Amino acid sequence: MISKSQIDEVLSGFDKNKIKIATICSHSALQIFHGAKKEGFKTIGICTESRKETYDSFPLAKPDEYFIVKNFKDVLEKKLQDRLIENNVIIIPHGSFVEYVGPENLEERFLVPMFGNRKTLKWEGERKMQREWLEKADLRLPKQYKTVSEAGGKVFVKLSGAKGGRGFFTTDSEEDLKKKLKEKVKKGIISEADSSNITIQEFVLGVRYYVHYFYSPLENRTEMLSMDKRIEPIDESYRGLPNIPDEFLDYTVTGNQPIIIRESLLPEVIKMGINTVNASLKLFYPGMIGPFCLETIYHPENGFTVFEVSARIVAGTNLYPDGSPYSTYLFEEPMSTGRRIAREIKIGIKRNEIEKIIF
Ligand code: AMP
């Protein structure tokens with residue numbers, strides 16, 4: 001694992017007045033560049049030739065400079081890492097960044113300073129560790145079962161080899177479970193090996209809220225910046241009534257909708273964020289730094305159930321490049337999550353405390 005002292009050494013060679021912000025051109029890169037520019041940073045987009053046109057078509061959010069790669073994984077090449085370091089680059093990791101480059105590679109081979117605590121990658125990425133973290137935060141989690149029969153009713157099945165909810169399904173019998181897993185392998189959604197590596201959870205009823213938080217170690221504050229609701233084909237399944245075709249029963253994330261929550265539920269929402277940060281400080285100091293998202297389902301009878309934490313900027317924040325109905329009460333100026341990241345870096349540079357947020 002690349003140690004904090006290695007990163008500090010790289011960072012000590014940086015010209016702090018010329019720090020540039022960079023990320024891979026995907027996921028929430030437009031928002032990250034836009035926010036960084038607003039805070040006065042120069043930006044670099046690590047981009048493939050074919051995607052450049054897309055970013056160029058948004059002049060206020062395109063990066064100031066492109067580093068063109070054939071493949072996003074090329075950021076691991078020594079030559080490119082050296083070039084990023086020569087440019088005083090701080091990388092902002094987003095969902096696709098971690099996905100394309102691989103969490104192990106980021107931990108073992110990537111020497112370019114990144115915003116946030118690298119240890120978080122493991123605590124988010126491994127299901128068991130993530131559960132330990134959320135349990136420590138005293139959050140209600142979906143019950144987990146070894147078998148469908150143990151649950152004695154409808155369960156939610158998660159596949160380890162599938163991404164973004166693709167292929168997830170519900171079932172209420174062992175027989176049906178086997179049949180559906182076989183189908184997924186046949187369709188190539190998962191591999192044979194993945195089909196024995198599944199998680200069987202309580203099927204949680206209620207309304208979904210994906211809450212976007214930001215923990216600032218420099219201000220010692222957990223901020224609730226915005227929230228969204230993901231859209232999945234299943235949300236439209238009523239259109240197939242009365243005989244819903246199987247294709248509608250699909251949980252793949254395809255987009256995001258803005259949402260706000262009843263004000264009387266806000267104390268609970270804010271408490272969940274603070275608890276998540278406090279648990280992270282105990283488990284992997286200095287804990288969760290920067291943006292994270294709690295994926296929740298609320299039901300008036302059961303309260304909030306948290307089925308996932310994303311420990312980085314999530315794509316749902318793309319709804320709010322000019323701030324949200326909540327960030328308006330936190331900042332005088334329009335504040336997206338992308339801009340909030342750049343603001344934290346700016347504060348770190350100004351106070352000479354940048355090492356506290358870069359790993
Ligand atoms: P995830 O990949 O964990 O974000 O899950 C993808 C989608 O599956 C979510 O956005 C929810 O719509 C749904 N989901 C996940 N876990 C559960 C659960 N335990 N009960 C009901 N729905 C769930």
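The values are calculated or read from the model by the stated rules, or taken from the named source; none is laboratory data. It should be emphasised that the depicted structure is a prediction, and the values quoted were computed from it without experimental measurement. Virtual Cβ from ideal backbone geometry, glycine too; neighbours counted across all protein chains shown. The protein model used for the area step is the full one, side chains on, heavy atoms only, and it has no ligands, DNA or RNA in it. Shrake-Rupley method; radii C 1.70, N 1.55, O 1.52, S 1.80 Å.
Data overview
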quantity	calculated
Local electrostatic count at residue 211 - Lys and Arg +1, Asp and Glu -1, tallied over other residues with Cβ under 15 Å	+2
The chain: most fluctuating residue of 140, 118, 221 per GNM, C-alpha cutoff 10 Å	221
Highest-fluctuation residue, 212, 299, 94 considered, GNM on the chain with Cα pairs under 10 Å	299
Cα-based helix-to-principal-axis angle, 29-38 vs the chain, degrees rounded to 10	40
Accessible surface of region 4-114, 1.4 Å probe, proportion on carbon and sulfur as whole %	48
Extended-chain gain in nm, criterion 0.36 nm per residue less alpha-carbon gap, residue 347 and residue 49	103.9 nm
Relative contact order, percent, region 144-202 [alpha-carbon distance under 8 Å, six or more residues apart]	49
Selected from 253, 75, 112 as most flexible by GNM, with the chain as the system and alpha-carbon contacts under 10 Å	253
For region 144-202: accessible area per residue (Å², 1.4 Å)	58
Shape call, region 144-202: gyration tensor on alpha carbons, a/c limit 1.5	prolate
More than 13 angstrom apart: percent of Cα pairs within region 194-236	73
Projected label distance in nm at residue 248 and residue 5, using a 7 Å step from Cα toward the beta-carbon	6.1
Region 144-202, accessible surface, carbon-and-sulfur percent (1.4 angstrom probe)	48
Where only alpha carbons of the chain are counted, the Rg and the Dmax (Å)	20.9, 65
222 nm mean residue ellipticity, helices alone, for the chain (DSSP H n ≥ 4; -39,500 (n - 2.57); rounded to 500)	-9500 deg cm²/dmol
